[in-house]
Every structure is written in C-alpha cells, then in structure tokens.
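Step one of this worksheet: look at the structure below.
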Amino acid sequence: MKLTAASSPSRTNTILAIVWPVLAVLCAAALWAATILRADGDAERSRLLLLKEADTYAQAYEQYVTRSIAQMDQITMQLKHSWEHGGRQTLLEDMRADGMFTDHAFVAVGIVGADGKVRSSTRRNGLPDDLLDAAFFAQHRNSNSSALRVDIAPAGFDATREVVLFTRRLDRFDEEFDGIVVMAVDAAYFTSFVGQSTLGADGVLAMADTDGRFWIEQAGDETGRPGGPRTLHQASLGVHAGGPRLVDDKGFSDGVARAMGWRDSAVYPVVAMVALSQRDGSAAAQLYWEESRGRAVAGTVALALMAGLASLLSLRAASRAREHEAVRLAYRTATESANDGFYMAAPVRDRKGQIVDFRIVDCNERGASFYGLTRRDLVGRAVSTMDRGHAGAELVATYRQAMATGFHEEDRRMPLDERLAIAWGRRRLVRVGDGLAITLQDISERKQHETEMERLANQDALTGLRNRSWLLNHVPTLFDAAAREGGLALLFIDLDEFKQVNDSHGHGTGDALLVAAARRLGALVRPGDDIVRFGGDEFVVLMRPARDEFQVAAVADRIVAAFARPFALGEGLQASVGASIGIAVYPRDGQDVGTLITHADIAMYAAKHEGKGQHRFYDEKLSGGIQKRARLKLELLDAIAGKQFVLHYQPRVDPVSNRLLSMEALLRWQHPGRGMVAPGDFIPFAEASGLIVPIGDIVIEQACAQLAAWGRAGALLVPVSINVSARQFERGGVKSRIEEALTRHGVLAALLEVEITESAMMGDREEILAELAALRALGVKLHIDDFGTGYSSLSQLRTLRMDVLKVDRAFTAELDGGEGRVFFEAIVSMAHALGMAVVAEGVETADQLQVLRELGCNEVQGYFISRPLSADDLAARYLTLPLAACA
C-alpha cells in the first residue's frame, strides 16, 4: 500500500514511542556495564598497584638488607685483618674505648680462639663463655673458607632481645684455624627499614636466608623472633621466584589476605619479603563501587522516567502529525540528511549581461552551518559577501569559471573568519541550466592528518628538531638563494663521550642528554639558522648566509665552549660531554647535500682525532686520513684471510725461585711488505672497527694449536694466557669457541687462561658475567688485566670470582717510592684475602724484583725477566729443562 506524506511523521512518532523505552533499557544496560567495568578495572588496577608496591618495597628492603650485611661483612673483614696482623689481645676492648661498637644494635662483638674461648670482646656478658660446640664454630673450624656466615644466635647470647650472628674464620700465619670473629647484632636492626605508618597496620616485613636457617619477621611495629615465619604460614611460602603474588587469608595466621613481594640479594644468600594488606590496597576501589552503584541506580530511575515521558510526548506528536504534516520536497530530504553543504547559486548580471556576482537561491542547513548561519539567513545573500575582502573576489571568479567551463573542483583553505566552522573545504561546482549546483565537503580533519604526517616525517620524535629526511630534501632548495646571499655553511656536530654516558647511566639518561643538547644548541645559533638531529648523538647546523669563515668559526667556537659545560639532567645527575665540529661550506666544499655532509663528517673526525672539543674546516688533505684507515681495514682483512698473525710468548716466573710458572700470548702482525707491525699500530683500530672479534678467534686457535704442538714434542707445559677483548664478550660465544679449540687440539682447559681488562667489566654486564662463569666452569682460569687503570670495586672483585689479578706496569714502576710500595702491598693483601694470585707486569729492574719478593707477589713478568719470544725460541729456552726452570 502506498503511504501518504502525512502518514510518515505519524508512523515515525509511533515508532519513537516504542523506541524510547528500548533506548532507555539499552542506556541503563550500558550505564551498568560501564559502572561494573570501571569498578572491575579499578579493582584490577588496585591489585596491580598493590603488587607493584609490594615488589618495590621488597626491592628497597633487599637493597637495605644487602647494604647492612655488606657493612657487617666489611667490619668483620677489617677485624680479621687487624687480629691476624696486629696481635693485640685487647683489640675489641680498645676499639670500644675509642667509641666503636657503642650503638645499641651491636649486642656484642668478640674474637673467639680456636679453643672456643672468648679472647677479646666489646661486652663480656654479651657472648657465651664457650662456643666450642656451636654449629657455626664447627663449620668455620672444618672449612678453610674465610667467607662471612650469617646465622641466628643459639642459647647463651643476650636473652632480652633477638640476635643475628655474623661470623668469619681467623687463620694463623700458616693458614691453620685460629678461631673466629663473632658479631652479634639486634634482629630489629634489619626490620627497622619501615614501620606501620608505611606498610599499614597489617604489613609484614621479613628477612630469611636461602638455606632456611633463620627467619626474621616484623608484623606492624613488632619484631618477631628469628627462626621461622609466624604471620605467614610455612605452606604459603612456595617458590619465591617469579615476582610478587597475592596470597589469600588462609596463607596467614591472622586471616588477612596480602600481596607478597620477594627479592633475592644479589650478593648474599638472603631473601627479603614484604607483604601488604589487600584490604588496605582495595579500599579506594570498594568505595568507588559503592558510590558508582548508587549513581547507576539513580540514573536507571531517571532514564525510566525520561523514557516514559518521551513515549507519551511521541504518541501525542504522532497524533498531531497526522493532521499537520506537509509533503516535503525529495531533494530537500536528500540534501538535509547529507554531511556535505549544498547550495544553488544564480548569476547576477550587469546591463551588458556580464556576470558580476552570484546569489544563493537555496541551500541545506549543513551548508548554512559552515558559515555560522541558518538556511533562512544564508538564502538570498550575494556570494561576494560570504567570504570577505580578497577571498570574496576569488570566490566569485571561481564561480564565473565554473559557469564558463561547466565544472570545477578544488581543495580550498577557508579564509580566517570567526564565522566559518571549517578550515579546509573541497568545493565542487556543476553548471545546471543558468545556475550552479555547489557541494562543499569539510576535509579539515583529513588535511590536518596530512599536515601532521608531513610534520612527523620531517621531525625528530625525541628532540623536536628537524630530522635527516628534512635536511636531505630541504637543503637542495636553498642552494640558489645561498649563492645569491653569500654562501651556506654546514656544521656537523658530534657529542664526545656520549657512548660512555649511555653505557654508564642507561639510554633514558642518554635521551635526556640529547634533549638538553638540542635546547642548548637552539640558544647558541642565529635566529635564521636551522638545527637538525642527524642521528644518534650527531647534530647539523645550517648557517645561511655564511659570508666568511670568521663568522662561521665564531659560532662553532661558541658551541664548543657551551658544550664544555656539564649538562644538568635532574636528580643531582650531571653529564659532561664535549662537542667536535666539522664544517663544510657551499659551494667551495661541495655542490650537493651528500658531498657537503660527507666533507663535514670528515672534518669532524679530524677534529675528534686531534683531541676533541674543537672545530675543523674541511680540507682535501683530511681525506687522506680516511683513506689511510680504509687501507688499514683492507690490510687487516687480508691479514685475517692470509694468516699473517703470529703469537709471541712472554714468560711469567716465580719471583723467588725464578721458575717458569706461566706465559702470556702476545699478538704480532707479520706484514708481507712492512715486516713485523707493533700491536699499538693496529689493535686500537681493530677494536674500533670490530675486526678484533675475528682476530681474537685467531689468537684462541693459535694458542691451543701451539700448546698441542709443544705437548707432542714432549715439552713440559705451563699455562698460556690470552687476551680477550670486551667486544668479543659483548658478541658472546667466547666459552664455546674456547671449548671447541681445546677439544679440537686435545688441550687441557687448565693450560689456557683468559685475560680481560677491568674496564671491560665495569657495571653489572650480565652477558659478560655469564661468559666468565661458563669459562670458570670449563676449568679455564680468569685474569683481571691492567688492574688499577679501570674502575673495579671490592664488591665487584668478590662477585666476579677471578683467579689472578695482574697489576698494571704503572704501579710496578712506582715501587721505588714509599707510597708506591704501600699501595702495591695493599693490592697484594686485598687480592690474597679474596683468594686471588697476583702477577706484577712491567718488571724492569732487580730492585723492583726484590721488592716484589718481599711483598709476596706470586708471579712477575717484564723485560728484566724476558722479552716476548717466538714459539721456537721460548721452547728452546724454557720448555726443555726439568720443571721448566728459568736460567
């Protein structure tokens, strides 16, 4: 049946009377769904935040415990050294008289003899009279390890408080057992990290050792007795690896569910645990649920009332529509429902019939809204008045062109007028009879997206500066203007020591430094100059005009001076880097952007090679250095392929008996044209270029092959040490390469030793530590080479568990002076305390050798003993005598 025009609004309003309740139900459902989802999300966020807090507190507590035990470790080590080398029987009484160990946390500190009797103590009544039967005493007596032991105090110690014991073995001069150092510390000292105000009334703090000997716990502000968990059930401990977890109320004796965080100490066999109440952590989420539930109920009631009222009004409107609705024009229905503006324009002619303007004869509401008007206000207006000024005249010309051609389409930026609701529009004009049909589409969002994409393509995301893409595309457009205005200079800037900042403090700090460097550059250049982040720690400054070198050099000097000042990166951190600058000038140094960048880069490397922190203009002679390095790289590649590398061996002997104990393999390059090339002429370049990795593999292979050859010839073998660079460890696989070479040549692992410089081990570099541990497990001894030139700490030496400490030749050269001897003696004492042998490098005189004998140095190496020898010469001189004795 065909519906009349009058029936359509009636049917619409009847449908609306049904739709309103349905919409109300849907809105109510959406409201409740959003409320529940938000509440669930808040609960989940609260749970994750609570787990994060527990893990953070556990991490902080572990660091506190590790630092506290490290203090005890250092004190007991100092007491061991003082007792073993001082011989004072009243050592601790004198120290307490001097004000030491008076803190309430120290229950007692004592020296116990081999018979279990207390020889010296800060408090005589703080230790039992006889510790001979104590388990910890028996362990130290039966083991020659001088490592620190942590345990709970047995009966006989201070009964008024809970006590944790720190003990260490004492040795006589002949390394026989001489008793122990005992330090009894109040257990509350380790649980005073935070209190109830931080962890909450139901917070739990605990410290335990990994062997299960003791457990120290603090629930609220009360410290429990060491020995085992009380608030947390034993069955709930589980495996503490894998991050924080939630434990329900059955896991605790007080019935409180908690979030638990665990952290193992990286240095000592102890575990730190923090448990936070789930009830406290979810209080805010529970409060939000209760409040939002009330609001949802109120909203549901309001929606029901509104739906009822709307249905009633719709029914009444349907009744009125049946009487008053008129037939609408079909095109009006179409145009009013469109998102585009629609206009009909008629030409306005003068007396000569020429078109001078156009008048809007019809439009839809969408089109009128683009101009901030209603349809009633826009219809009848002249086109020249719609866009004011010059824009209005252009619009009339566009309309006139469409009348002439029959069609016109354009993307147009709309004039800046507060009435206009769009910034960009796509206008399409079609001639219809003696008028125009115009559609106007809002493309502002698309244009904004295109502009943003163009900006992102040419802007560095970190610093906000222009990027390499902008530089390569934009500089060619400047050449003509630069030739007229007086030239263009390209300054290529590289930050000195930036890699060290990145490696030492992490990439986050490095990024902060780059942002600060970009800001500082912006304050140094002229307003018309452009700054570009070229990549990494490299920046480019485009100076135009650049009329003379003095002007350019002044800007470069200003940059160098400014970058010599430290950068403040927040939280008390400062980074000191410099700037090396290379300068290329257009058109003198290049006619295209690629050549300018290359030449500026060459000049920058020349500035860096000459000492950094300076600028250099490009000179054709600088290319020679680049070519020289390129030739060296090709020659090294040929040397690797042509097997031009050989090993020489420098003996290491016992300073007392002069017996050959081991030797160091030293790399030499037998160049076919230049003869023997010194390592200093190619090793630094090999390190920088990465060629040290294949060269290092050659050293491993040749050392194992030579050991096998000496063994087949019946020589008396001693261990050979090889140098392995940090680049080889960073690449990984050092252990597997050494193991393969040893297996292939049938050489015992004990005959090959690995040397690595201490600077290569700076920081907690997990990949290097893993490789060192694998080599140690293989049976290969590990040397710290050039000790004293890097940044090793006592804790790092203990963690690395190296076998041999090689003292740099710079310290050996200072043995003739008093301070040099004292310092060397301290190194030997520390190394021996850590179970490491000591090798002195660079022994050049008999006096030095005599001092090293007196200091108890294990091995010596240097020209006074022997220069590096070829494999044949060394075998003839050292490997044919009984016990490999030296001449």
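The values are calculated or read from the model by the stated rules, or taken from the named source; none is laboratory data. Computed from a prediction, not measured in an experiment: that's the story for all the values here. Neighbour counts run over all protein chains shown; Cβ positions are idealised from the backbone, glycine included. To get the accessible areas, we keep the full protein, side chains included, count just its heavy atoms, and leave off ligands, DNA and RNA. Shrake-Rupley method; radii C 1.70, N 1.55, O 1.52, S 1.80 Å.
Need at least 2 residues that are open to solvent by 20 Å² or more (accessible area, probe 1.4 Å) per element, so show me which strands (runs of 3 or more DSSP E) inside segment 134-191 make the cut, counting only ones lying wholly within it.
Numbers: elements: 149-152, 163-171, 177-186.
Because the criterion is at least 2 residues that are open to solvent by 20 Å² or more (accessible area, probe 1.4 Å), the strands (runs of 3 or more DSSP E) in segment 134-191 that meet it are 149-152, 177-186.
Please list, ordered by residue number, the helices (runs of 4 or more DSSP H) wholly in segment 783-887 having 2 or more residues that are touching a strand residue (DSSP E or B) at 6+ places or on another chain (Cβ under 8 Å), open to solvent by less than 30 Å² (accessible area, probe 1.4 Å) and at pLDDT 90 or above. Step through it out loud before you land on a result.
Details: elements: 794-800, 809-812, 818-833, 846-855, 871-878.
By residue number, 846-855, 871-878.
Being in a strand (DSSP E or B), under 30 Å from residue 409 (Cβ atoms) and at pLDDT 80 or above is the requirement here; does residue 489 meet it? Please lay out each step first, then the result.
Working: in a strand (DSSP E or B): yes; under 30 Å from residue 409 (Cβ atoms): no; at pLDDT 80 or above: yes.
So residue 489 does not fit the description; no.
For residues in segment 594-617 being open to solvent by less than 30 Å² (accessible area, probe 1.4 Å) and under 18 Å from residue 562 (Cβ atoms), which is modelled with the highest pLDDT?
First, pick out the residues of segment 594-617 that are open to solvent by less than 30 Å² (accessible area, probe 1.4 Å): 596-597, 600, 602-604, 606-607.
Now narrow it down to the ones that are under 18 Å from residue 562 (Cβ atoms): 604, 607.
Working: 604: 88, 607: 85.
Among those that are open to solvent by less than 30 Å² (accessible area, probe 1.4 Å) and under 18 Å from residue 562 (Cβ atoms), it is 604.
Got at least one residue in segment 543-557 being outside any loop (DSSP other than H, G, I, E, B) and within 29 Å of the chain's Cα centre (by Cα)? Break it down into steps so the answer makes sense when it comes.
Restricting attention to segment 543-557, the residues satisfying the condition of being outside any loop (DSSP other than H, G, I, E, B) are 543, 549-557.
Narrowing further to those that are within 29 Å of the chain's Cα centre (by Cα): none.
No, because not a single residue in segment 543-557 is outside any loop (DSSP other than H, G, I, E, B) and within 29 Å of the chain's Cα centre (by Cα).
Which one of the conditions (1) crowded, with 16+ Cβ neighbours inside 10 Å; (2) not in a strand (DSSP E or B) does residue 667 fail to meet, given that it meets all the rest?
All conditions pass for residue 667, except number (2).
Kindly indicate whether residue 549 is surrounded by 13 or more Cβ atoms within 10 Å (Cβ to Cβ), touching a residue at least 40 places away in the same chain (Cβ under 8 Å) and more than 17 Å from residue 482 (Cα to Cα). Don't jump to the end; show me each part of the working.
Details: surrounded by 13 or more Cβ atoms within 10 Å (Cβ to Cβ): yes; touching a residue at least 40 places away in the same chain (Cβ under 8 Å): yes; more than 17 Å from residue 482 (Cα to Cα): no.
Against the criterion (surrounded by 13 or more Cβ atoms within 10 Å (Cβ to Cβ), touching a residue at least 40 places away in the same chain (Cβ under 8 Å) and more than 17 Å from residue 482 (Cα to Cα)), residue 549 does not qualify.
Could you say which residue among 118, 65 is over 30 Å from residue 286 (Cα atoms), at pLDDT 85 or above, open to solvent by less than 20 Å² (accessible area, probe 1.4 Å) and not in a loop (DSSP other than H, G, I, E, B)?
Working: 118 fails: open to solvent by less than 20 Å² (accessible area, probe 1.4 Å).
Just a single option satisfies the conditions, and that option is 65.
Within segment 712-737, track down each residue that is farther than 18 Å from residue 784 by Cα and assigned to a helix (DSSP H, G or I).
Narrowing segment 712-737 to residues farther than 18 Å from residue 784 by Cα: 712-718, 731-733, 736-737.
Within segment 712-737, 712, 731, 736, 737 meet the criteria.
Look through segment 288-297, keep the residues that are open to solvent by 60 Å² or more (accessible area, probe 1.4 Å) and at pLDDT 80 or above, and return whichever of them is nearest to the chain's Cα centre (by Cα).
Within segment 288-297, the subset open to solvent by 60 Å² or more (accessible area, probe 1.4 Å) is 289-291, 293, 295, 297.
Okay, now just the ones that are also at pLDDT 80 or above, so 295, 297.
Values: 295: 45, 297: 49 Å.
Here the residue is 295.
Of the residues 104, 81, 85, only one is over 16 Å from residue 149 (Cα atoms) and not in a helix (DSSP H, G or I); which? Give the steps one after another, and end with the answer.
Values: 81 fails: not in a helix (DSSP H, G or I); 85 fails: not in a helix (DSSP H, G or I).
It is 104.
Need pairs with beta-carbon distance below 7 Å; first residue among the aromatic types (Phe, Trp, Tyr) and within segment 76-89, second surrounded by 14 or more Cβ atoms within 10 Å (Cβ to Cβ) and not in a helix (DSSP H, G or I); sequence gap 6+ or separate chains.
83/111; 83/170
Among the residues in segment 87-94, are any within 44 Å of the chain's Cα centre (by Cα), of a type in the set (Val, Ile, Thr) and either open to solvent by 40 Å² or more (accessible area, probe 1.4 Å) or under 30 Å from residue 163 (Cβ atoms) (or both)? Spell out how you get there, then give the answer.
We begin by selecting, within segment 87-94, every residue within 44 Å of the chain's Cα centre (by Cα); these are none.
No; the residues of segment 87-94 include none that is within 44 Å of the chain's Cα centre (by Cα), of a type in the set (Val, Ile, Thr) and either open to solvent by 40 Å² or more (accessible area, probe 1.4 Å) or under 30 Å from residue 163 (Cβ atoms) (or both).
Table: residues versus (1) open to solvent by 10 Å² or more (accessible area, probe 1.4 Å); (2) closer than 30 Å to residue 587 by Cα; (3) modelled with pLDDT of 90 or more.
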{"site": "621", "(1), (2), (3)": "yes, yes, no"}
{"site": "634", "(1), (2), (3)": "yes, no, no"}
{"site": "644", "(1), (2), (3)": "yes, no, no"}
{"site": "707", "(1), (2), (3)": "no, no, yes"}
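Which residues, taken from segment 33-59, are open to solvent by 30 Å² or more (accessible area, probe 1.4 Å), of a type in the set (A, V, I, L, M, F, W, C) and in contact (Cβ under 8 Å) with a residue 24 or more places away in the chain?
Scanning segment 33-59 gives 43, 49.
Do you know which of the residues in segment 528-546 that are free of Cβ contacts under 8 Å to residues at least 60 places away in the same chain and over 23 Å from residue 462 (Cβ atoms) is surrounded by the fewest Cβ atoms within 10 Å (Cβ to Cβ)?
In the first step, residues of segment 528-546 are kept if they are free of Cβ contacts under 8 Å to residues at least 60 places away in the same chain; the result is 528-529, 536-538, 541, 543.
The next check asks that each one be over 23 Å from residue 462 (Cβ atoms); those that pass are 528, 543.
On the way: 528: 9, 543: 23.
Going through the qualifying residues, I end up with 528.
Only one residue in 458, 467, 473 is among the polar types (S, T, N, Q) and at pLDDT below 80, so which one is that?
On the way: 467 fails: at pLDDT below 80; 473 fails: at pLDDT below 80.
The unique qualifying residue is 458.
Would you please list the contacts, defined by Cβ atoms under 8 Å and residues six or more apart or on different chains, that run from a residue in segment 668-692 that is closer than 23 Å to residue 731 by Cα to a residue that is open to solvent by 40 Å² or more (accessible area, probe 1.4 Å) and among the charged types (D, E, K, R)?
679/668; 685/629; 685/633; 687/727; 689/633; 690/727; 691/633; 692/727
Determine, yes or no, whether residue 438 is at pLDDT 85 or above, over 39 Å from the mean Cα position of the chain (by Cα) and open to solvent by less than 30 Å² (accessible area, probe 1.4 Å). Spell out the reasoning first.
Values: at pLDDT 85 or above: yes; over 39 Å from the mean Cα position of the chain (by Cα): yes; open to solvent by less than 30 Å² (accessible area, probe 1.4 Å): yes.
So residue 438 fits the description; yes.
Scan segment 570-589 for residues that are over 13 Å from residue 615 (Cα atoms) and in contact with a strand residue (DSSP E or B) (Cβ under 6 Å, 6 or more places away or on another chain) and jot them down.
Within segment 570-589, the first condition is being over 13 Å from residue 615 (Cα atoms), and the residues that meet it are 570-577, 585-589.
Passing the criteria: 574, 575, 577, 585, 586.
Which one of 774, 713 is of a type outside the set (Ser, Thr, Tyr), surrounded by fewer than 17 Cβ atoms within 10 Å (Cβ to Cβ), under 28 Å from residue 506 (Cβ atoms) and at pLDDT 85 or above?
Details: 713 fails: under 28 Å from residue 506 (Cβ atoms).
When all the criteria are applied, what remains is 774.
How about segment 344-408: which helices (runs of 4 or more DSSP H) wholly inside it have at least 3 residues that are touching a strand residue (DSSP E or B) at 6+ places or on another chain (Cβ under 6 Å) and surrounded by 13 or more Cβ atoms within 10 Å (Cβ to Cβ)?
The qualifying helices (runs of 4 or more DSSP H) are 365-370, 389-405.
Open to solvent by 10 Å² or more (accessible area, probe 1.4 Å), out of contact with any Phe, Trp or Tyr (no Cβ under 7 Å at 6 or more places or on another chain), under 30 Å from residue 849 (Cα atoms) and in a strand (DSSP E or B): does that describe residue 661? Reasoning before the result, please.
Numbers: open to solvent by 10 Å² or more (accessible area, probe 1.4 Å): yes; out of contact with any Phe, Trp or Tyr (no Cβ under 7 Å at 6 or more places or on another chain): yes; under 30 Å from residue 849 (Cα atoms): yes; in a strand (DSSP E or B): yes.
Yes.
Of the conditions (1) assigned to a helix (DSSP H, G or I); (2) on the phi > 0 side of the Ramachandran plot, residue 570 clears all except one; give me its number.
Of the numbered conditions (1) assigned to a helix (DSSP H, G or I); (2) on the phi > 0 side of the Ramachandran plot, the odd one out for residue 570 is (1).
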